[in-house]
Amino acid sequence: MDLHLTSEQTLLRDSAAKFVEAAGPKVARGFREQDPSFAPARLQRAGELGWLGILVPDSTGGLGLGLTELALVLEQAGRGLVCEPIGLAAISAAALGQGRTPHPMLKRVMTGSTLVVPALQESAYGDNPLAPRTQAAGEDGALRLTGKKMFVCADGADGFLVSAARRDEPVLCYVARNAPGCTLSTTQTVEGRKLATLSLADAPADLVPPHSSSRNAVDALTNLGLIALSSELLGVMEKAQEITLDYMRIRKQFGKLIGSFQALQHQAANIYIRIESTRSLVYQVAANNDAYRIDSAMAVAVKAKASEEAMAVTQACIQLHGAIGFTDEHDIGLYLKRAMLLSSLLGDAAAQRRRYAAIAGLTA
């Protein structure tokens, strides 16, 4: 699929590609099992480039761009295995800046000096984001949250955007990491980074109001997260394909380049089809939706597609490498591990299909 980009979008994509040159597999390896698992200075550099405020209206200091621009940046981040949580920071900034009065943390999040990440998931099975079990009590200026959030990318985070139920309605709240009643327990992932369980026991929180065009602040942030993760998964698939095709052009077996074997050519063609069909869906949804009012069914469909195809593509790439693809020393395995992490966040392909069926009214 050929993207018809404006000159500004092309410049943005090229700028992101240049930023990614300083990342890559070697850097990703160096951050494994580190705390934090990224370079704060690089996150601040992304803030200087304006990417963390890419969706924030220019009236409040952001770039005021759209989902296509966000996808272009995160696609490149996926290609380079960038460890800095640019996507999570960008969608959190969008959430903090969506009310009539921006949240006091917005400026710091947009500069990268403070990291705020979403904390929306309560199980591995694809919860309904509009029916959180975490409870919010109290008035707007004195909210208290009680509940538990899972699979939170809390490395280096200073605060969280937490979904909760208040008077049977979902609300989005900001909770500082050092707030009373807020505790974290971490688990190592196969990718090398940690995911956290966030426990809240009557923790103080600030209400984050929705954008005037949003159905709900929780719904808007969830959908932004699905698009952001899908865009990064697209980049992971692309780079894994490039590495694999390069290998097939130089690896010989039975006296011939393995790229000349028809069975492997068929496999490579299938990989290409999976990537291009994912690219088409990601950019069509990005181009046809407002950042604060994304069609929930389409956001879920994009994440289901990207999660499934990223796993299939990276697994096939390892198979095409043969035995060396299974070693930790070869870069291709890092792309599978990154795909495993990203595809699981906010629910894997199966979880997204269940949610799509519920949205479409196809469940009993």
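Give just the number: which of (1) buried (at least 22 other Cβ atoms within 10 Å of the Cβ); (2) under 27 Å from Pro210 (Cβ atoms); (3) not β-branched (Val, Ile, Thr) does Gly66 not satisfy?
Just one mismatch for Gly66, condition (1).
Out of Pro129, Pro170, report the one residue that is open to solvent by less than 30 Å² (accessible area, probe 1.4 Å) and under 19 Å from Thr197 (Cβ atoms).
Values: Pro170 fails: under 19 Å from Thr197 (Cβ atoms).
Going through Pro129, Pro170 in turn, the sole match is Pro129.
May I ask you to say which residue of Ala164, Ala179, Ala203 is open to solvent by less than 20 Å² (accessible area, probe 1.4 Å) and closer than 13 Å to Pro132 by Cα?
Numbers: Ala179 fails: closer than 13 Å to Pro132 by Cα; Ala203 fails: closer than 13 Å to Pro132 by Cα.
Going through Ala164, Ala179, Ala203 in turn, just one is open to solvent by less than 20 Å² (accessible area, probe 1.4 Å) and closer than 13 Å to Pro132 by Cα: Ala164.
Can you say whether Ile243 is on the phi < 0 side of the Ramachandran plot and more than 30 Å from the chain's Cα centre (by Cα), as far as the supplied structure shows? Walk me through how you get there before you give the answer.
Values: on the phi < 0 side of the Ramachandran plot: yes; more than 30 Å from the chain's Cα centre (by Cα): no.
For Ile243, the condition - on the phi < 0 side of the Ramachandran plot and more than 30 Å from the chain's Cα centre (by Cα) - is not met.
Write out, first by first residue and then by second, each pair whose Cβ atoms fall under 7 Å of each other, whose residues are 6+ apart or on separate chains, and whose first residue, in segment 100-119, is in contact (Cβ under 8 Å) with a residue 12 or more places away in the chain while the second is among the basic types (Lys, Arg) and part of a helix (DSSP H, G or I).
Close Cβ pairs (under 7 Å, with a partner that is among the basic types (Lys, Arg) and part of a helix (DSSP H, G or I)) amount to Thr114/Arg108.
Taking into account only those residues within segment 330-358 that are open to solvent by 50 Å² or more (accessible area, probe 1.4 Å) and aliphatic (A, V, I, L, M), which is farthest from the chain's Cα centre (by Cα)?
Across segment 330-358, the extreme among qualifying residues is Ala358.
For residues that are of a type in the set (S, T, N, Q), in a helix (DSSP H, G or I) and open to solvent by 70 Å² or more (accessible area, probe 1.4 Å), tally how many sit in segment 253-265.
From segment 253-265, those of a type in the set (S, T, N, Q) are 253, 260, 262, 265; that's our starting set.
Still in the list and also in a helix (DSSP H, G or I): 260, 262, 265.
Now restrict to residues that are open to solvent by 70 Å² or more (accessible area, probe 1.4 Å): 262, 265.
So the count comes out to 2.
In segment 177-193, what residues are among the hydroxyl-bearing types (Ser, Thr, Tyr) and out of contact with any helix residue (DSSP H, G or I) (no Cβ under 9 Å at 6 or more places or on another chain)?
First, pick out the residues of segment 177-193 that are among the hydroxyl-bearing types (Ser, Thr, Tyr): 183, 185-187, 189.
Correct list: Thr183, Ser185, Thr186, Thr187.
What are the residue pairs meeting all of these: first residue in segment 272-289, first residue over 18 Å from Glu69 (Cα atoms), second residue at pLDDT below 95 and not in a helix (DSSP H, G or I), Cβ atoms under 7 Å, and 6 or more apart or on different chains?
Correct list of pairs: Glu276/Met1.
Yes or no: Gln76 polar (S, T, N, Q), touching a Phe, Trp or Tyr at 6+ places or on another chain (Cβ under 8 Å) and not in a helix (DSSP H, G or I)? Walk me through it before giving the result.
On the way: polar (S, T, N, Q): yes; touching a Phe, Trp or Tyr at 6+ places or on another chain (Cβ under 8 Å): yes; not in a helix (DSSP H, G or I): no.
For Gln76, the condition - polar (S, T, N, Q), touching a Phe, Trp or Tyr at 6+ places or on another chain (Cβ under 8 Å) and not in a helix (DSSP H, G or I) - is not met.
Quick one: which strands (runs of 3 or more DSSP E) sit completely within segment 95-180 and have at least 3 residues that are not small (Gly, Ala, Ser)?
Values: elements: 116-119, 135-137, 143-152, 159-166, 169-176.
Correct list: 116-119, 143-152, 159-166, 169-176.
Every residue, every condition in (1) among the charged types (D, E, K, R); (2) closer than 26 Å to Cys173 by Cβ, yes or no:
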| position | (1), (2) |
| --- | --- |
| Arg215 | yes, yes |
| Ala220 | no, yes |
| Ala228 | no, yes |
| Met248 | no, no |
| Phe254 | no, no |
| Gln265 | no, no |
| Ile271 | no, no |
| Thr278 | no, no |
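Residues checked against (1) crowded, with 20+ Cβ neighbours inside 10 Å; (2) touching a helix residue (DSSP H, G or I) at 6+ places or on another chain (Cβ under 8 Å); (3) not hydrophobic (A, V, I, L, M, F, W, C):
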{"site": "Gln267", "(1), (2), (3)": "no, yes, yes"}
{"site": "Glu276", "(1), (2), (3)": "no, no, yes"}
{"site": "Val282", "(1), (2), (3)": "yes, yes, no"}
{"site": "Ala291", "(1), (2), (3)": "yes, yes, no"}
{"site": "Ile294", "(1), (2), (3)": "yes, yes, no"}
{"site": "Val302", "(1), (2), (3)": "yes, yes, no"}
{"site": "Lys305", "(1), (2), (3)": "yes, yes, yes"}
{"site": "Glu309", "(1), (2), (3)": "yes, yes, yes"}
{"site": "Thr314", "(1), (2), (3)": "yes, yes, yes"}
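Answer yes or no: is there a residue in segment 25-47 that is closer than 19 Å to Ser213 by Cα, of a type outside the set (A, V, I, L, M, F, W, C) and buried (at least 19 other Cβ atoms within 10 Å of the Cβ).
Narrowing segment 25-47 to residues closer than 19 Å to Ser213 by Cα: none.
No, because not a single residue in segment 25-47 is closer than 19 Å to Ser213 by Cα, of a type outside the set (A, V, I, L, M, F, W, C) and buried (at least 19 other Cβ atoms within 10 Å of the Cβ).
Of all residues in segment 96-142, count the ones that are in contact with a strand residue (DSSP E or B) (Cβ under 9 Å, 6 or more places away or on another chain), closer than 21 Å to Gly50 by Cα and among the polar types (S, T, N, Q).
Final tally of qualifying residues: 2.
The values are calculated or read from the model by the stated rules, or taken from the named source; none is laboratory data. Everything numeric in this text was worked out from a predicted model, so none of it was measured. For neighbour counting, all protein chains shown are included, and Cβ atoms are generated from backbone atoms with ideal geometry for every residue, glycine included. These area figures cover heavy atoms from the full protein model, side chains too; ligands, DNA and RNA do not enter into them. Shrake-Rupley method; radii C 1.70, N 1.55, O 1.52, S 1.80 Å.
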